Amino acid sequence: MARKISTEPSRTLAEFRLLPGLTLRRHSIEQISLTTPLAEFPDGSGHLMLNIPLISAAMQAVSGPRMGIALARQGGVACIFCSQSVQDQARMVAKVKNHKAGFVQPRTVSPSTPIHQVHQLGESLGFSTFPVVDSHGTLLGLVTRNDYDLGRHGQLPVSERMIPRSSLSVGIDIQDLRQANDILLESHHSGLPIVDGNDKLLYLVFKKDIRNHTDNPLEVLDSRKRLLSVAAVNTHDYRQRVPALVRAEADAIAVDSSDGHSVYQQETIRFIAGEYPGIPIIGGNIITAEGFRFLVESGAHAVKVGMGGGSICITQEQKGTGRGLATALMEVCDARDRLRERTGRYIPIIADGGIVTSKDMVVALAMGADTVMLGRYFARMDESPPQKLMMDNRMVKPYWGEGAARARQWKTLRYRHGSFEEGVEGFVDYAGPLASNIPRTLAKIRASMSSCGAASLAQLHDHAQLELVSPLSIREGKVHDILMPPNDPPLPVLH
Ligand code: IMP
């Protein structure tokens, strides 16, 4: 006889609805904060925070450096996938960490370069501001398209037409865009060279990039003002992988197992915690309170919940393991809250797999998740690694599971059974750039929170009232019993 047989069906997020609470003026959508903890800091000094509760999944088809940069600039974070070589993954993490929004490493010219060559360079590169440096990289001046007439000055050396260093506004050792902005606003130039204490050129900062930066007020930065990046590791080559990712300065490590309730996961977490005691560790995936307690006792600082629900996932069919995400979240969040009552520790929960709409996201958050991890949602966007293509008159992007044959060609070890696949390969409708999708999703999450009388995700956890709905009420909640105009385009898919 089995240890436990439950005859209660496990539930998915789509089976729940939120009941509204009292909405006060302070719950207006503009005032709602989506700031949320991603993981505990190991020294107990607080939590690594995100400004929006969205994480892109650790998958080849989802989270490369482009996603990492774009999502961190929106306030979330990408989990850079580990189904690739250690060096390639470390390079991706370093790319996110070294991206200095607004700080451009400029193409330079020498003082003897003829103006016509500078002009040609500008035409081919698509920009026209060039710092002029000597052979040691010391800044001598700046030449822009306004400083010469090609016909008249084309044969002259740059030194004859450049704005000399003595007439330039320059930032010395500036790390912060706000400081650069202050100087730029006072200067008459569109670009500001940043030099070190010896006048060696470091970067250029442009007025237009500062505007772009202030358009992203939620971007998540580390203490040195660099974008946050999370890296996944498997439970096999972690002894080689983790050191490289720490050197690349990943902000947290996620141990990526389809079933994290295992000694392999425990050994991996203990290795990371022992060797790198300062780095937050995300454990997972688990779907029971027992699995949650096991990971926390093993040393995890956040726990990822979900098994068998991913859009590309065939684990339930292949292995018969899995659980509806709502049931898993309810049980695990309850265990997390009890741990907090007993110890004061708050372990953030990440809901992962099968989260389709913003309605699913807010239900997961209301149930107690602090963030949601999304694969399919982000795979549809410009910033995911695959190229978009036309298929049957619609624009799509390829999307495949980490347990699909395509990912395994990269020697992924997450789904290591070898003899069968746990994921499929398919396509998702192309959805455009991240920056035009995320605001729409967040607006819906904020609107739900406002209805629930919650000005923050912590308040949503405290105030939310959820109700299981019947298949008939789900039907009732959709457009029904009316005739749609025959030639109308099909209703858009809402996310
Ligand atoms: P989605 O957001 O529904 O597309 O689910 C993404 C999640 O599915 C990931 O974060 C993983 O937890 C999980 N996943 C990724 N690849 C596979 C696979 O091949 N089989 C099963 N689950 C997968």
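The values are calculated or read from the model by the stated rules, or taken from the named source; none is laboratory data. As the structure is a prediction and not an experimental result, all values here were calculated from the model. All Cβ positions, glycine included, derive from the backbone under ideal geometry; neighbour counts span all protein chains shown. Areas reflect the complete protein model, heavy atoms only, side chains present, ligands, DNA and RNA absent. Shrake-Rupley method; radii C 1.70, N 1.55, O 1.52, S 1.80 Å.
What to note about this one:
- Residue identified as among the aliphatic types (A, V, I, L, M) and touching a strand residue (DSSP E or B) at 6+ places or on another chain (Cβ under 9 Å) among Leu150, Leu140, Leu185: Leu140
- Test: residue in region 158-167 that is outside the structural domain of Phe81 (by TED's automatic domain parsing) and in a loop (DSSP other than H, G, I, E, B): yes
Condition check ((1) of a type in the set (Lys, Arg); (2) touching a residue at least 24 places away in the same chain (Cβ under 8 Å)) across all residues:
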residue	(1), (2)
Glu30	no, no
Phe41	no, yes
Ile55	no, yes
Gly68	no, yes
Arg73	yes, yes
Met92	no, yes
Val104	no, yes
Val109	no, yes
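- Among the candidates Leu227, Leu184, Leu218, residue that is more than 20 Å from Val303 (Cα to Cα) and buried (at least 22 other Cβ atoms within 10 Å of the Cβ): Leu227
- Complete set of residues in region 53-71 that are within 26 Å of Ser456 (Cβ to Cβ) and away from the ligand (no atom under 16 Å from the Cβ): Ala70
- Among the helices (runs of 4 or more DSSP H) confined to region 358-446, the ones with at least 2 residues that are charged (D, E, K, R) are located at 358-367, 405-408.
- Tally of residues being of a type outside the set (Ser, Thr, Tyr) and open to solvent by 10 Å² or more (accessible area, probe 1.4 Å) across region 265-300: 18
- Selection within region 76-120 - part of a loop (DSSP other than H, G, I, E, B) and β-branched (Val, Ile, Thr): Thr108, Thr113
- Candidates in region 319-350 are the residues that are within 25 Å of Val62 (Cβ to Cβ) and open to solvent by 40 Å² or more (accessible area, probe 1.4 Å); of these, the one that is farthest from the ligand (Cβ to nearest atom) is Arg323.
- Within region 165-181, the set of residues being open to solvent by 60 Å² or more (accessible area, probe 1.4 Å) and under 18 Å from Glu219 (Cα atoms) comprises Gln175, Arg178, Gln179.
- Residues that are surrounded by 20 or more Cβ atoms within 10 Å (Cβ to Cβ) and touching a helix residue (DSSP H, G or I) at 6+ places or on another chain (Cβ under 9 Å) were ranked within region 124-139; the one that is modelled with the lowest pLDDT is Thr129.
- Of all residues making up region 393-421, the number that are among the charged types (D, E, K, R), near the ligand (Cβ under 9 Å from one of its atoms) and modelled with pLDDT of 90 or more: 1
- Residues being buried (at least 21 other Cβ atoms within 10 Å of the Cβ) and over 21 Å from Lys95 (Cβ atoms) - total across region 235-249: 2
- Pairs where the first residue, in region 421-450, is on the phi > 0 side of the Ramachandran plot and the second is at pLDDT 95 or above and assigned to a strand (DSSP E or B), C-beta under 7 Å, 6+ apart: Gly432/Met381
- Positions within region 297-351 being on the phi > 0 side of the Ramachandran plot and without any contact (Cβ under 8 Å) to a residue 24 or more places away in the chain, in sequence order: Gly320, Gly344
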